[in-house]
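Scroll down for the structure; my scribbles are underneath it.
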Amino acid sequence: MSDDIKETPSPSELRGPAPTAPADALLVVPVRGFVLFPGAVMPLTIGRPRSVAAAQQAVREGRQIGVVLQRDPEAPDPSPTDLHAIGVIANVLRFVTGPNGVHHLICQGQDRFRAVEYVQETPYLACRFERIAETDAQSAEIEARFLNLKSQAEEILQLTPQSPPELLSEVQQATSPSALADLVAAYMDATPEEKQSVLETLNLNDRITRVSALLAHRLQVLRLSREIGLQTKASLDERQRKMLLREQLLAIQRELGEGEEGAKEADEIAARITNANMPSDVEDAARKELRRLERTPEAAAEHGMIRTYLDWLIDLPWGLPEAAPIDVAAARRVLDEDHFGLEKIKERIIEYLAVRKLAPRGKAPILCFVGPPGVGKTSLGQSIARAMQRKFTRVSLGGVHDEAEIRGHRRTYVGAMPGNIIQAIRKAGARDCVMMLDELDKMGVSTHGDPAAAMLEVLDPEQNATFRDNYLGAPFDLSSVVFIATANMLDTISGPLRDRMEIIQLAGYTDEEKFEIARRYLIPRQLEANGLSSKQAQFDDEALRAIIRGYTREAGVRNLEREIGKALRHVAVSVAEKGASTTRIEIANLAATLGQRRFEDEVAMRTSVPGVATGLAWTPVGGDILFIEAARMPGKGNLILTGQLGDVMRESALAALSLVKGSATQLGLDASVFEKNDIHIHVPAGATPKDGPSAGVAMYMALVSLLTGKTIRSDTAMTGEISLRGLVLPVGGIKEKVVAAARAGLTRVMLPARNRRDLDDIPQAARNRLDIVWIERVEDAVSAALDAQAVANTELGILA
């Protein structure tokens, strides 16, 4: 020992106050980051005044101390509440003071104790305590856990080269389960909290279990560390060993004839590659992968990946089949058989097919059918494939938000596959198939990329001849594929993608067109679906028209087909139960079959009072009618707008009111009426958001009708944007709006004169049923819309 360290002084040499702690109290030394266990001899460094005073007093009086872990290691001077309740009674074997004022103790743990009451806090802590006696209970379970714990401790000490050899000897000679558990807990690599938890576990069986669990984790870490070290050291030798064994395995398989099956499979794949008509660079890549497959054992995971990749390359239709001649007259018959109406759409498709016939290698435009649901967009694509005598395949793009769904995944990923485009071509089995890209407007964007951007290459005739799928890793020619896209709206399709397609708009059907479609297609299809014949169930014409007008209100015919199916299922029950031979569905029994009418013709009823105008609206699922209601009440000239109107529509209402105020003299109105009354404009169906400028004319006419007391003709609907100069400006969606007016039973529509260019787009059936009034100024609208015969009481001003 160095000269600057003093040996343990005798009690007479220690100076300090006389002992003040009771004789039955235990002097407490708080520690942090350290847990003493019974039987363990451990060094302890102390420096806090109360801890030094307690140690000096214990040495002076020859008393034992209590070593207790404090709860918060950051507490500088812990109080009794900051200490754990259970600690260890220890003998001070040695007390040494260093030159820097730091005191060192060597303590030997004796027994556990529980602090009952602290009787003194200065100059050191002292408490009354309860000694916890240790009893070695004997049972078969404890004996088994004792042997397991000893085995774990021995293995850990053997895996830890820096552990002292005498510690291993002490563990091997241990005979007491409690002593072994405390010994292992004292020296194991664990946090102070984990060790304190072991110290506080008084049940011997639970204590051994807890220590064994902590050792198991540490033992696993040491085993892995050793394995990693051995693997790193022998990695080169192992690689050489595997190579040698693989060569020996191949030699043994050749001697036994077991390699003949693999060679036969390789020859079969090679023949399929030769017959696949691949381009030269793709064929070279395929044969390179085949050579890798021959060298790869079947048990290896890479064997299956290579075989799957080769199957995809071989199964794709690389060669261009002989094109069937396009018969334009036959194509026209096919379109007429499959679809009723849609004359302009059919004519455009015939033009498309005629160009393909005359220039089969030319770059034909990519068609995109846009229209509401149920108008036959997808079935048009099937008809085109039938007319061209080509295979048809459909790719649903609704909900696709990953670029890999279009371009495929790279082969490095587990479970990688080509994109939907290549999968569809393989399914069709022809490189010149008709591919329907359904719901193009429903694609989304996510962190995995933008699939719409990946579609740019697919739909570009200048680029798709070298389309590269990430999985194939080779270019595939898509220039012979006839792409046809469908969408419900164009707003969600990006501009560059829209620019690559020719947009063909499909409007909704009129009631007469729905009637013919139901007679020709829907009723026969539902009869077959419900197991009925045309003799067992028959539809009356008036009943069918009543279903169209009273039970459905849609641009397409899907709900109409559902209602027809519902009526036929009712007939099927009668045939199955009662054996009815013939059932005729008439208007009289529609209520019993389908329930009460869901839609009523409320146009005449709602426009029979001043202040109500019928407007026309465009929606993603077709056109619709909407009512503009205006009312006035005594007030201060405020304008109230309700009905969940958007900013543009609210501005249209303000413009309409300003225009009415400006033309009050021409309308015969007293200017004071605007100062003494509040005006309220409401658009019903308040739960539905509405926006757009096309309701300007309807709002202006509602205000004029309200203030003049004259009703608007109940058979008239109107649309158009207005300016403060009184001009009626053009709007969009004319075709859908006019079809909706005809579907609602109206006979007159007022349209902006500048929309005459859209007249040819309106279906002929709708033009035949409607009287179209072209208006250039709001004065034209007033003279055409107001019902001069029905003058109401202008003093009421509020809707009934």
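The values are calculated or read from the model by the stated rules, or taken from the named source; none is laboratory data. All figures in this text were calculated on a predicted structure; none of them were measured in a lab. Please note: Cβ atoms are built from the backbone with ideal geometry, for glycine as well, and neighbour counts cover all protein chains shown. Please note that ligands, DNA and RNA were not included when accessible areas were found on the heavy atoms of the full protein model with its side chains. Shrake-Rupley method; radii C 1.70, N 1.55, O 1.52, S 1.80 Å.
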Worksheet entry | Leading residue by the ranking (farthest from Pro192 (Cα to Cα)) among those in region 92-105 that are open to solvent by 60 Å² or more (accessible area, probe 1.4 Å) and in contact (Cβ under 8 Å) with a residue 24 or more places away in the chain | Pro99
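Every residue, every condition in (1) open to solvent by less than 10 Å² (accessible area, probe 1.4 Å); (2) in contact with a strand residue (DSSP E or B) (Cβ under 8 Å, 6 or more places away or on another chain); (3) at pLDDT 90 or above; (4) closer than 16 Å to Ser51 by Cα, yes or no:
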| site | (1), (2), (3), (4) |
| --- | --- |
| Ile86 | no, yes, yes, no |
| Ala90 | yes, yes, yes, yes |
| Phe113 | yes, yes, yes, no |
| Val116 | no, yes, yes, no |
Worksheet item: Which one is surrounded by the most Cβ atoms within 10 Å (Cβ to Cβ) among residues in region 320-331 that are at pLDDT below 80 and of a type in the set (Gly, Ala, Ser)?
Response: Ala323
Worksheet item: For region 452-462, does any single residue satisfy the condition of being part of a helix (DSSP H, G or I), without any contact (Cβ under 8 Å) to a residue 12 or more places away in the chain and not hydroxyl-bearing (Ser, Thr, Tyr)?
Response: yes
Fill in: Residues satisfying the stated conditions in region 553-577, i.e. open to solvent by less than 10 Å² (accessible area, probe 1.4 Å) and either under 22 Å from Gly376 (Cα atoms) or of a type in the set (Gly, Ala, Ser) (or both)
Ala555, Gly556, Leu560, Ile564, Gly565, Ala567
Practice prompt. Just name the residue that is farthest from Ala741 (Cα to Cα) out of those in region 616-644 that are of a type in the set (A, V, I, L, M) and at pLDDT 90 or above.
Written response: Met633
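One line per residue, one yes/no per condition, for (1) surrounded by fewer than 11 Cβ atoms within 10 Å (Cβ to Cβ); (2) at pLDDT below 85; (3) touching a helix residue (DSSP H, G or I) at 6+ places or on another chain (Cβ under 9 Å):
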residue: Ser197; (1), (2), (3): no, no, yes
residue: Leu214; (1), (2), (3): no, no, yes
residue: Glu247; (1), (2), (3): yes, yes, no
residue: Gln253; (1), (2), (3): no, yes, yes
residue: Glu265; (1), (2), (3): no, yes, yes
residue: Pro279; (1), (2), (3): no, yes, no
residue: Gly304; (1), (2), (3): no, yes, no
Discussion item. Is it the case, given these coordinates, that Ile587 is crowded, with 21+ Cβ neighbours inside 10 Å and in contact (Cβ under 8 Å) with a residue 12 or more places away in the chain?
Written reply: no
Fill in: Count of region 489-502 residues which are buried (at least 19 other Cβ atoms within 10 Å of the Cβ), part of a loop (DSSP other than H, G, I, E, B) and not charged (D, E, K, R)
1
Response to the item:
Only one of Glu193, Glu166, Glu134 is outside any strand (DSSP E or B), over 29 Å from Pro80 (Cα atoms) and of a type in the set (Asp, Glu), namely Glu166
Response to the item:
Output for Cβ contacts, cut-off 6 Å, separation at least six or different chains, first residue closer than 15 Å to Ala474 by Cβ in region 404-419, second of a type in the set (Lys, Arg), reads Gly419/Arg407
Worksheet entry | Options Val434, Val334; residue that is modelled with pLDDT of 85 or more, of a type outside the set (Phe, Trp, Tyr) and open to solvent by 10 Å² or more (accessible area, probe 1.4 Å) | Val334
Worksheet item: So which of Leu544, Leu472 ends up being under 21 Å from His339 (Cα atoms) and buried (at least 16 other Cβ atoms within 10 Å of the Cβ)?
Response: Leu544
Worksheet, complete the sentence: Of (1) farther than 29 Å from Ser176 by Cα; (2) under 55 Å from the mean Cα position of the chain (by Cα); (3) in contact (Cβ under 8 Å) with a residue 24 or more places away in the chain, Phe34 fails just (1)
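Give me the helices (runs of 4 or more DSSP H) completely within region 633-693, filtered to those with at least 2 residues that are in contact with a strand residue (DSSP E or B) (Cβ under 8 Å, 6 or more places away or on another chain) and not charged (D, E, K, R), ordered by residue number.
Details: elements: 647-662, 664-667, 673-676.
Per the criteria, 647-662.
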Item to complete: Only residues that are under 51 Å from the mean Cα position of the chain (by Cα), at pLDDT below 85 and surrounded by 17 or more Cβ atoms within 10 Å (Cβ to Cβ): list them for region 154-189, please.
Response: Ile156, Met188
Response to the item:
Cβ pairs under 8 Å, 6+ apart or interchain, first in region 320-342 and closer than 13 Å to Ala385 by Cα, second at pLDDT below 80 and open to solvent by 40 Å² or more (accessible area, probe 1.4 Å), ordered by first then second residue, are Ala323/Pro360
Worksheet item: How many residues are within 45 Å of the chain's Cα centre (by Cα) and open to solvent by less than 30 Å² (accessible area, probe 1.4 Å) when one looks only at region 708-727?
Response: 6
